[in-house]
Number of protein chains: 2
Amino acid sequence: MGLPMCKNLLKVGYPVTVWNRTAAKTSEIASLGAIVASSPKEVAQKSDVVITMVGDWSDVEDVVLGHSGIIKGARHGLIVVDMSSISPLAARRIAQHLEKVGVEMLDAPVSGGEIGAKEGTLSIMVGGPKDVFEDCVPVFKALGKTITYMGKTGSGQAAKLCNQIICALHIQAVCEGFILGEKLGLDLEQLLRVLTGGLANSRILSDLGPRIIKRDMRPGAKMRYQIKDLRNVLSTAAELNLPLPCTSLVCELFQTVSVMGLEESGTSAAILVMEKLAGQKTGQ
Amino acid sequence: MGLPMCKNLLKVGYPVTVWNRTAAKTSEIASLGAIVASSPKEVAQKSDVVITMVGDWSDVEDVVLGHSGIIKGARHGLIVVDMSSISPLAARRIAQHLEKVGVEMLDAPVSGGEIGAKEGTLSIMVGGPKDVFEDCVPVFKALGKTITYMGKTGSGQAAKLCNQIICALHIQAVCEGFILGEKLGLDLEQLLRVLTGGLANSRILSDLGPRIIKRDMRPGAKMRYQIKDLRNVLSTAAELNLPLPCTSLVCELFQTVSVMGLEESGTSAAILVMEKLAGQKTGQ
């Protein structure tokens, strides 16, 4: 995600300094005019706004609070925008660390995947101080199309988790509906047409449905990230003593995809779990 | 559903003979010109096509195969169209009984609820012999907007079950997403706007989401029928040795609504189960 996002920032004229754990990954963006730093600390020293786009909360902690992290190069008034998807409670903890040294933080996870990053059409859900959000709107506008302020620190991540619950359960919904349809001998293309025309319609059904029917496992969104997000949902819910029964079950089912060695596949791989449960290959 | 459907048949000029278990329910349609019969048998004697729109498979069996049922008044070439939602395997069994006496049957369950029935905009999914379907298309067009031939006997019911799986899981998806959002202090109206703009969007989210937020329990679709349909899904899946883990869990959760005495409520009552699990009233 980082590379296309940096390109979009350069395109509208922002000076961009980058760092990546894997140095080779910065060569393309360097050739387009970005400065390559040797550490997150150095990025912070050279920037007014530092955007992090990494894996999970522990990666964000490393990059932000680690021994050559952003916090080591930070000065009063620096803004850190974490666009990774992590738990809202982790986002709050990291923001509190930064606050102590006068650094403001926004949590700004995205929806829309690699295609959205490339096309600059990401949906960005933002939490943190309102005035800091407003300062950063021009940056967000270079990266995405729908920019929504969700509230206090952690609220961007909270909205993203809600988004991921709904997407995951929609994926499972389509898989359970289609596997029953297959077993009952329906023509799935026709079933898809009927269902998209009615109350069962969803973006997941219309976008992912055709891939599920064809067993097209190319990502789109990788199963690995969907599982990571569901784990963050469940750890967050656990801290709140909130049972989320179907989300828990879907997380368990999706983890079977990892066991099958397919976590780099797209989320359409959820249908393979249903096939496995059904004890046979059911594809048409 | 029967009354508005009969009205639409009368409106386009079909002669209509009706029967209802509760005789009083036929007075309005009689005043509009329908003949009231004393039994399903008599309806069959006076009709070329007999439509059944009742509760579950046992009701269909009573009306079709019972001792004053349609089969007792049937003659060769009569067409029975069952528009109730029952299991595809039950539909096949009933069709086999009728076939023995030269009666053709279509299974033609609908999606779109009471509003769709009133406005003649139902989506009708039809299974059975193709030529019989084609003969009945003019009748279906008086009742619905999207008429889809799904295949052999039972295929209409099969499509409806797939529809109900997806709708039920979408309802639960919205409830789990929103209850987490509430617990994390999000403004749910704003969350709804963000989610409907992205990959999480669904007809259920956009139509039912606002009701779930407001705890508006008026039906729309009654929870009682959603539970009935899920039970038919699960009994059908059981006959096929097909596990449907999330559908099973959602059926269990929705049945809690009945335990709470709210089965006549709309499907937005699913949020009350999540509240109960969360151990407190969380509504805004």
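The values are calculated or read from the model by the stated rules, or taken from the named source; none is laboratory data. Because the structure is a prediction, the values reported are computed rather than measured. In this analysis, Cβ positions are derived from the backbone assuming ideal geometry, glycine residues included, and neighbour counts consider all displayed protein chains. In case anyone asks, the SASA skips ligands and DNA or RNA and just uses the protein heavy atoms, side chains included. Shrake-Rupley method; radii C 1.70, N 1.55, O 1.52, S 1.80 Å.
Hey, can you list the residues from the range A:153-168 whose accessible area shrinks by 50 Å² or more with all protein chains present, relative to the chain by itself (probe 1.4 Å, no ligands or nucleic acids)?
For the range A:153-168, once contacts with the other chains are taken into account, A:162, A:166 lose 50 Å² or more.
Using a 1.4 Å probe, how large is the accessible area of residue A:58, given in Å² and rounded to the nearest 10?
Approximately 50 Å² for this residue.
What is chain A's relative contact order, in percent, from Cα pairs under 8 angstrom and six or more apart in sequence? Provide the component values of the computation, followed by the final result.
On the way: 481 pairs, mean separation 39.1, N = 284.
Relative contact order here is 14 percent.
Quick one: label points 7 angstrom along Cα→Cβ at residue B:13, distances to the other copies in nm, smallest first?
Result for residue B:13, in nm, nearest copy first: 6.9.
What accessible area, summed over both chains, is buried at the B-A interface (1.4 Å probe, Å², nearest 100)?
Buried surface at the B/A interface: approximately 5100 Å².
Using a ≥ b ≥ c from the Cα gyration tensor of the range A:192-250 (square roots of the eigenvalues), is it rounded, prolate or oblate, where a/c under 1.5 gives rounded and otherwise the larger of a/b and b/c decides, a/b for prolate?
On the way: a/c = 3.63, a/b = 1.72, b/c = 2.11.
Verdict is oblate for the range A:192-250.
Before I look further, what does the range A:1-159 give for accessible area per residue, probe 1.4 Å, in whole square angstrom? Kindly include the intermediate steps, with their values, before the conclusion.
Values: 7160 Å² over 159 residues.
Here the per-residue accessible area is 45 Å².
Under the definition of Cα pairs under 8 Å and six or more residues apart, what whole-number percent is the relative contact order of the range A:110-167?
On the way: 86 pairs, mean separation 21.6, N = 58.
Relative contact order, the range A:110-167: 37 percent.
When chain B is turned about an axis onto chain A, which of its residues keeps its C-beta closest to that axis, and how many Å is it?
B:202, 2
Calculate what fraction, in whole %, of the accessible area of the range B:158-278 sits on carbon and sulfur atoms when a 1.4 Å probe is rolled over the protein chains. Please report the intermediate quantities before stating the final value.
Numbers: 1960 of 3880 Å².
Here it works out to 51 percent.
Can you list the residues of the range A:198-225 whose accessible area drops by at least 50 Å² going from the chain on its own to the full set of protein chains, with a 1.4 Å probe?
A:199, A:200, A:203
Return the carbon/sulfur percentage of the accessible area of the range B:75-126, one whole number, probe 1.4 Å, all protein chains in place.
Numbers: 970 of 1920 Å².
With neighbouring chains kept in place, the figure for the range B:75-126 is 50 percent.
Indicate the gyration tensor shape class of the range B:2-149 (rounded, prolate or oblate), computed on the Cα atoms with a ≥ b ≥ c the square roots of the eigenvalues: a/c under 1.5 is rounded; otherwise a/b larger than b/c is prolate and the rest oblate.
rounded
So which trypsin sites (Lys or Arg not before Pro) in the range B:70-99 are both in a DSSP loop and have at most 16 other Cβ atoms within 10 Å of their Cβ? Could you put the intermediate results ahead of the total?
Numbers: sites: B:72, B:75, B:92, B:93; in loops: B:75.
Passing both the DSSP loop test and the Cβ count: B:75.
Considering only the label points, 7 Å along Cα→Cβ from Cα, what distances in nm to one decimal separate residue A:130 from the same position in each other copy, shortest first?
6.4
Suppose we take every Cα in the range A:158-278 and form the convex hull; what volume per residue is that in Å³?
Numbers: hull volume 12.4 nm³, N = 121.
Expressed per residue, the convex hull around the Cα atoms of the range A:158-278 is 103 Å³.
Please report, for residue B:216, the nm distances (one decimal) from its label point, 7 Å out from Cα along the beta-carbon direction, to the equivalent points in the remaining copies, shortest first.
3.8
Using the Kyte-Doolittle scale, which helices in chain A average at least 0.0 and also have C-alpha atoms spread 15 Å or more along the helix axis, with helices defined as whole DSSP H runs?
Numbers: long enough: A:88-99 (16 Å, -0.28); A:130-143 (19 Å, 0.46); A:155-183 (42 Å, 0.59); A:203-214 (17 Å, 0.16); A:223-239 (24 Å, -0.46); A:245-259 (22 Å, 1.09).
Membrane-span-like by this rule: A:130-143, A:155-183, A:203-214, A:245-259.
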